[in-house]
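Here, each number is a calculation from the coordinates, and none is a lab measurement. As the structure is a prediction and not an experimental result, all values here were calculated from the model. Every residue, glycine as well, gets a Cβ built from its backbone with ideal geometry; the counts of neighbours run over all protein chains shown.
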Amino acid sequence: MAQHRIIVIGAGIVGVSIAHRLSGDGARVTLVEAREAPGLGVTAASFGWITCAAGDDSVPEPDYRRRLQAIEDYARLDRDFGGRLCAPCRGAIVWGATEDETRGHAQGHEERGSVVRLIGAAEIAEFEPMIAEPPALAARFPRERALDVAHACILLARAAREAGAETLFGETVLGLETTGGRVSGVRLSGGSLAADRVIVAAGAHSAALVADFMPDHGIATSPSALVTLSVESGRLAHVLDGGGIEIRSRGNGDLVAACGVEDDLDDRALAALASDVLSRVRRLFPGMENPRVDHVQLGQRPMLADGRPLVSAARDPEGLYLAVAHPGVILAPEISRQVADFLAH
Ligand SMILES: Cc1cc2nc3c(=O)[nH]c(=O)nc-3n(C[C@H](O)[C@H](O)[C@H](O)COP(=O)(O)OP(=O)(O)OC[C@H]3O[C@@H](n4cnc5c(N)ncnc54)[C@H](O)[C@@H]3O)c2cc1C
């Protein structure tokens, strides 16, 4: 692999993870990103929860195993980065509308391999003193993690550079170039950049880049919103999912809340969503000083049609790969592993 010239298009969490992995393996990598810095696509709006516990336990078995693996992968990566890659986070605390629901949730996840323990109100209050009225019962997942993802992208891109990768930020790939049934490079505004392998990791924008070569790419988008709040004091030690909110503290002390949305929202609807999050924060954590909405981001998450592999190779031209997946933060280390495997054969 070392002699191949590899271009990775897109420096979101997926692209930087691939560039980090391949350059660490000794490959010749160039990471090309349209924006001025890594992690500014949908990745910037990510909640960044590395989780099995989110939602119910009905995720299909292979996906569940990948999520368990992701928790291990990020633990290892975080160690490699001296504890600076992941956000400070002691795990996740999750509760349902009833105690039975919480019990069922914990049991379902334990049976599938998650490390989880039921905790009562007193223990919840010890772990998270900001919760004014803790539920009677919650499930604690001590191994789950969180990432301030844009920051993690900067660290991963820097480490890739230190391992020999080139990074071209502020350069948009206008098209792919092929010669004799093989990929031969990409077209930039200033000319061509030659390569033997091109990995398209441009999130939702990947569809346009590969449309001529992989018309059945299966990429779609689905909106989701992230509300960022600043607080003068008070922070959460865990990701909390309960009481109608999914929320955590970032490394810088801001709170972020992820909100599933049905459809694209206009500015008024987003403002209403943010105001609802703010009222919940005030109600759940009255001890947090002066919470204020800082901003709301609506992100278009790249999704894949059911059954599509995380990484696929084009039949024609040879040497072209597509790397898109949901949930992209969780799956980025697995995607990187799969890309490395593809390139090794
Ligand atoms: C509110 C919200 C909450 C979320 N929560 C979670 C979560 O808790 N856990 C989780 O795993 N996932 C979560 N996700 C999903 C996750 O954020 C995405 O799956 C992931 O960020 C996708 O990363 P990506 O690298 O594929 O895409 P992107 O971040 O969009 O990166 C693609 C990059 O390619 C660049 N690009 C595009 N076209 C070109 C071009 N022609 N030339 C050069 N560069 C180009 C873009 O500028 C961009 O930087 C959440 C998403 C949202 C919106």
*Give the dimensionless ratio obtained when the Cα radius of gyration of the range 139-266 is divided by 2.2 N^0.38 Å.*
1.45
_For the chain, with +1 on Lys and Arg beta carbons and -1 on Asp and Glu, the positive-most of T179, I245, Q338 along the dipole_ = T179
*Scattering from the C-alpha atoms of the range 89-214 alone, worked out with Debye: what is log10 I(q)/I(0) at q = 0.14 1/Å?*
-0.76
*Quick one: if you stick a label point 7 Å off each Cα along the C-beta vector at D212 and I154, how many nm between them?*
3.7
*Taking the chain as the reference, fit the longest principal axis to its C-alpha atoms, fit the long axis of helix 61-80 to the helix C-alpha atoms, and give the angle between the two in degrees, 0 to 90, nearest 10.*
90
*Cα Rg over Rh - the chain, Kirkwood*: 0.99
_Linear extension gain, D80 paired with S279, 0.36 nm per residue minus alpha-carbon span_ = 67.7 nm
*Quick one: P(r) of the range 195-242 from all Cα-Cα pairs, 5 Å bins, percents rounded to integers, in order of increasing distance.*
4, 12, 16, 15, 9, 8, 10, 11, 9, 5, 1
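Hey, how much of the P(r) for the range 113-175 falls beyond 20 Å, as a percent of Cα pairs? Present the calculation step by step, with values, prior to reporting the outcome.
On the way: 1134 of 1953 pairs.
Roughly 58 percent, once rounded to a whole number.
Evaluate E = 1/(1 + (r/R0)^6) for E262 and A305, where r is the Cβ-Cβ distance and R0 equals 35 Å; express this FRET efficiency to the nearest 0.05.
Numbers: r = 20 Å, r/R0 = 0.57.
Result of the calculation: an efficiency of 0.95.
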_Between 0 and 90°, nearest 10: helix 99-111 axis offset from the chain longest Cα axis_ = 40
*asked:* From Cα pairs below 8 angstrom and at least 6 apart in sequence, can you work out the relative contact order of the chain, rounded to a whole percent?
replied: 25
_As an exercise, use a Förster radius of 35 Å and the Cβ-Cβ distance of E232 and A37 to find the FRET efficiency, rounded to the nearest 0.05._
0.80
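Which of the trypsin sites (Lys or Arg not before Pro) found in the range 263-345 are in a DSSP loop and have at most 13 neighbouring Cβ atoms, other than their own, within 10 Å? Please list the in-between numbers first.
Numbers: sites: R268, R280, R282, R283, R292, R315, R337; in loops: R315.
Here the sparse-neighbourhood loop sites are R315.
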_Inter-centroid distance (Cα atoms) of the range 60-132 relative to the range 318-339, Å_ = 24
*Tilt of helix 149-162 relative to the longest C-alpha principal axis of the chain, in degrees (0 to 90, nearest 10)?*
40
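Say R0 is 56 Å: what FRET efficiency, to the nearest 0.05, do Q107 and R187 get from their beta-carbon distance?
Working: r = 54 Å, r/R0 = 0.96.
After rounding, the FRET efficiency stands at 0.55.
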*3J(HN,Hα) from dihedral phi, the range 236-253, Karplus parametrisation 6.51/-1.76/1.60, rounded to Hz, x for glycine, proline*: 9, 8, 10, 6, 10, 9, x, x, x, 8, 10, 8, 7, 8, 7, x, 8, x
*Does anything in the range 1-32 have its amide N under 17 Å from the 7 Å Cα→Cβ label point of A344, and if so which residues?*
1-4, 18-28
*For D100 and A272, compute 0.36 nm times the residue count separating them, minus their Cα-Cα distance, and round to one decimal in nm.*
58.7 nm
*Distance in nm between pseudo-label sites at A121 and T172 (7 Å out along the Cβ direction from Cα)*: 5.7
